[in-house]
Amino acid sequence: MPKHQLSPNETQALRFIRNSLIHSKSPSIRDIQKDLGYSSPRSAALIVEKLIKAGRIERKNDGRLRLLKELSETNSYARTILVPLVGTAACGMPLLAEENVETMIPVSTELAKPGHRYFLLRAKGDSMDQAGISDGDLVLVRQQSTADSGKVVVALIDDEATIKEFHRSQNTVVLKPRSNSSRHRPIILTKEFQIQGLVLTTISGLD
């Protein structure tokens, strides 16, 4: 069966849905209606149903939308894989639990190289702004449980994720902020600590 080719309006709606999900908001039918410039919400609802039938998005049990596939399959030269965006914190559950996945975002295999597992995390706060990570940025993380000293990692402390520079000294672990603000202090740990992954890069330009 041939793949459904998206119309210009379907592509625009899909891009709007993706960008809304990236910023932690599942758009309503009226949001989509406004973006497409439709006079009736029914027209926007029909577009959403077409995208669901085409396998590009799905509607979760709570009514929120979730992206399933890439926006475009025409740029075959730009190979991508779908990487889960898992929010800003673990919220009491393992970071990569299905419940934490907000949406799936296509990322180039030049960044997310095959052979590893990856996830995206939304940075919160300004404790790593001197490392090029600002509040609200998406960071690409390679899933792993170890790291060399001096690397920026995603650490899980009391079921909450934090992005910090990792240092180990004998039996002590220090998670250092990289910020000019004096209110951010190093976190010193001896136990109850897990590395979830290594921060590879900040991804921007998704608006």
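Every read-out reported here was derived from the displayed coordinates using simple, explicitly stated rules and does not represent laboratory data. Fair warning: this is a prediction, and the values are worked out from it, not measured in the lab.
Things worth noting here:
- √(5λ) per eigenvalue of the Cα gyration tensor, region 8-67, largest first, Å: 16, 13, 11
- Relative contact order of region 80-203, defined on C-alpha pairs under 8 angstrom at six or more residues apart (%): 25
- Span per principal axis, largest first, for the Cα atoms of region 80-203 (Å): 38, 28, 26
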